[in-house]
């Protein structure tokens, strides 16, 4: 059975899972569904057509499911948050828009530090960490096991591959390959996220294979298009290489983030 503080306002139609605690002064809209065993500490606002999975903890002044921040918006989409997420103070996550498929999604086990923001129509994977004030513009795609450093901002329509590490105070304007490590005022590729890869149980042999691919792709002879063509045969050397090549092949709106010392060739 849910426990709802008498100062909270839970609209008729809202679905609150068993074992969930709705703390003081929370406001829950009529089209909201919150899973079992969640804890909304206090002053949490959940609105729109929002679904929150089980075992999530949401801290004061988080705002979830508010309309997309788009001029002249006349229609509100959905927000879907997975299980076991921790959403700290003043985090905001907007619902989707008609131009972006109508839904914003966040995976399981995410940790969102204070003031982080997920814009409309973003798709965020599982096991991510957003440090303080990490910000996504609309329509971003964020893979699993991504870490975004404090005060970093990701430009709208940008893709960040799985297991990427983004340093603090970065402006991310370009797509970042899976397993990449980026840093700088305007994010540049600095290498591979080796620490993260080791945490995901990459062996020395696997790391060596991916490093050899990385060096050939970004620092080999010729222009980038020629180097990209030359490494296609390495896709079978390791699944991570195939994932990186598929990510590059599927590029849409943004250019590819490159090392600062490789030049945009």
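Only the coordinates and a few stated rules stand behind these numbers; no lab work does. Since the model is a prediction, treat every value here as computed from it, not as a measurement. Reconstructed Cβ throughout: ideal geometry from the backbone, glycine too, with neighbour counts over all protein chains shown.
Brief remarks follow.
- Each of 27, 148 has some number of other Cβ atoms within 10 Å of its Cβ, and from fewest to most they run 27, 148.
- Here the average projected area of the convex hull drawn through the C-alpha atoms of the chain stands at 14.5 nm².
- Annotation: the antiparallel percentage among DSSP beta bridges lying fully within the chain is about 5.
- Relative contact order (%) - criterion: Cα under 8 Å, at least six apart; region: segment 25-151: 17
- Ranked 88, 78, criterion: other C-beta atoms within 10 Å, fewest first: 78, 88
- Mean Cβ count within 10 Å, highest first, over the residues of peptides 202-208, 97-103: 97-103, 202-208
- Segment 1-70 and segment 80-156: distance between their alpha carbon centers, rounded to Å: 18
- Ranking of 115, 170, 122 by count of other Cβ atoms within 10 Å, fewest first: 115, 170, 122
- For the chain, the relative contact order works out to 9 percent when only alpha carbon pairs closer than 8 Å and six or more residues apart are counted.
- With Cα atoms, 0 to 90° folded angle of helix 204-219 axis to the chain main axis: 70
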